Amino acid sequence: MTQKSILVVDDQRDVLDALVRLLSTKLTDVRITGVEAFGDAIDLLRSTPFDVIITDMHDVDDPHAGYDLL
């Protein structure tokens, strides 16, 4: 069976780190990947499939970044 994976995207580093740490602790059999920049998330999604995406919906520089990502 293929390992499940979650992508976490948040432009606030402290929030991102907390979410990745919490999910990694609770979901030990799931690969958790965290990225801070929405552009990096889009690039990553082009090459890597994820089962779940957890994303901040608003970025300071682009209030629609989360919507565009999804």
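The values are calculated or read from the model by the stated rules, or taken from the named source; none is laboratory data. Please read all numbers here as calculations on a predicted model, not as lab measurements. Every residue, glycine among them, receives a Cβ derived from its backbone with ideal geometry; neighbour counts consider all protein chains shown. These accessible areas exclude ligands, DNA and RNA; they are computed on the full protein's heavy atoms, side chains included. Shrake-Rupley method; radii C 1.70, N 1.55, O 1.52, S 1.80 Å.
Hey, can you tell me all the residues within segment 36-70 that are open to solvent by less than 60 Å² (accessible area, probe 1.4 Å) and of a type in the set (F, W, Y)?
If the condition is that a residue be open to solvent by less than 60 Å² (accessible area, probe 1.4 Å) and of a type in the set (F, W, Y), then F38, F50 are the ones that fit.
Quickly run through segment 1-32 and pick out the residues that are of a type in the set (V, I, T), loosely packed, with under 12 Cβ neighbours inside 10 Å and either within 19 Å of T48 (Cα to Cα) or in contact (Cβ under 8 Å) with a residue 12 or more places away in the chain (or both). Reasoning before the result, please.
Within segment 1-32, the first condition is being of a type in the set (V, I, T), and the residues that meet it are 2, 6, 8-9, 15, 20, 25, 28, 30, 32.
This time we only want the ones that are loosely packed, with under 12 Cβ neighbours inside 10 Å, so: 2, 25, 28.
Result: T2, single match.
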